[in-house]
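Single-structure report; data block below.
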Amino acid sequence: DPSNYKAALLSDMAYEGNTAVEWVLKQGLGKPNVILIRGQLGSAAEIGRSAAVLKAAKEGKLTIVADGTGGDSWSLEEARKVVEAAIAANKDFNVIYAENDGMAQGAVQALEAAGISHGKDGKVKIIGFDFNRFALRNVQAGYWDADMQCSPRQAAEISGWITSGNLPSGIIYQKEILLDTATITDEDVTKWG
């Protein structure tokens, strides 16, 4: 209820999903075959990040070959199981769209155990979310292909509002970025990781 706050600084989960899917569609894969690994079902992040994939699938721009979840804890282990099941079922896939960095790491563990190449010049493109430092290093090394930012330094911005006494009004969405192996720098990792 807007009466409960003067200003709210939020992450735009739909923007994150749309940006990530646009990136997937620009990878020259033809019609991508995607393993979708969702976070906690019904959470704002899961809804926003999944909506873009589901819409692109409905429009025939990509195919979802497996759809699973990392559960309530966005679990690395549960994400690994989703990919292991897709591999065991001989699913043909070339993208893993993992809705957080830990789940992307679990997915990669399953690929490595099965001897499936991934990342830069690999068979499977990996995209995660959240900009954890380890994830950005994985992107920089070409081990993953991309990572989508979430919640960049919100506390510092809100603190600035309070300190200055210049509170904005309403909901403000903070700008978020996607970094991939072609664009990431050491400075990005230091600044955002």
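The values are calculated or read from the model by the stated rules, or taken from the named source; none is laboratory data. A quick note: this is a predicted structure, and the numbers were derived from the prediction, not measured. Counting neighbours? That spans all protein chains shown, and the Cβs are built from the backbone with ideal geometry, glycine included. Side chains are part of the model used for accessible areas, which takes the heavy atoms of the whole protein and leaves out ligands, DNA and RNA. Shrake-Rupley method; radii C 1.70, N 1.55, O 1.52, S 1.80 Å.
Here is how the numbers come out for the structure above:
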| item | result |
| --- | --- |
| Among L62, L167, L76: highest mean-square fluctuation, GNM of the chain, C-alpha pairs under 10 Å | L167 |
| Using alpha-carbon coordinates, inclination of helix 154-164 to the longest axis of the chain, degrees | 10 |
| Highest-MSF residue in the chain out of N166, N94, N138 [GNM, Cα springs under 10 Å] | N166 |
| Residues of type lysines that K31 reaches as a straight line, Cα spacing below 30 Å, ignoring anything fewer than 8 places off in the same chain | K55, K58, K61, K81, K91, K120, K123, K125, K175 |
| Solvent exposure of the chain as accessible area per residue, Å², 1.4 Å probe | 48 |
| A89 paired with Y173, simple spin-label distance in nm, labels 7 Å along Cα-to-beta-carbon | 3.2 |
| Folded to 0 to 90 degrees: helix 101-113 orientation relative to the chain principal axis, Cα | 10 |
| Linear extension gain, A182 paired with A14, 0.36 nm per residue minus alpha-carbon span | 58.1 nm |
| In degrees, nearest ten, helix 44-58 long axis to first principal axis of the chain (Cα) | 50 |
| Mean Cβ count within 10 Å, highest first, over the residues of peptides 177-185, 141-149 | 141-149, 177-185 |
| Gaussian network model of the chain, springs between alpha carbon atoms under 10 Å - residue of R133, R80, R49 with greatest fluctuation | R133 |
| Spin-label pair I162/A51, simplified geometry with 7 Å Cα→Cβ offset, distance in nm | 3.0 |
| Percent accessible area from carbon and sulfur atoms, segment 40-103, protein chains only, probe 1.4 Å | 53 |
| Largest-first principal axis extents, alpha carbons of segment 72-118, Å | 27, 18, 17 |
| Base-10 log of normalised Debye intensity for segment 120-164 (one unit scatterer per alpha-carbon) at q = 0.17 Å⁻¹ | -0.55 |
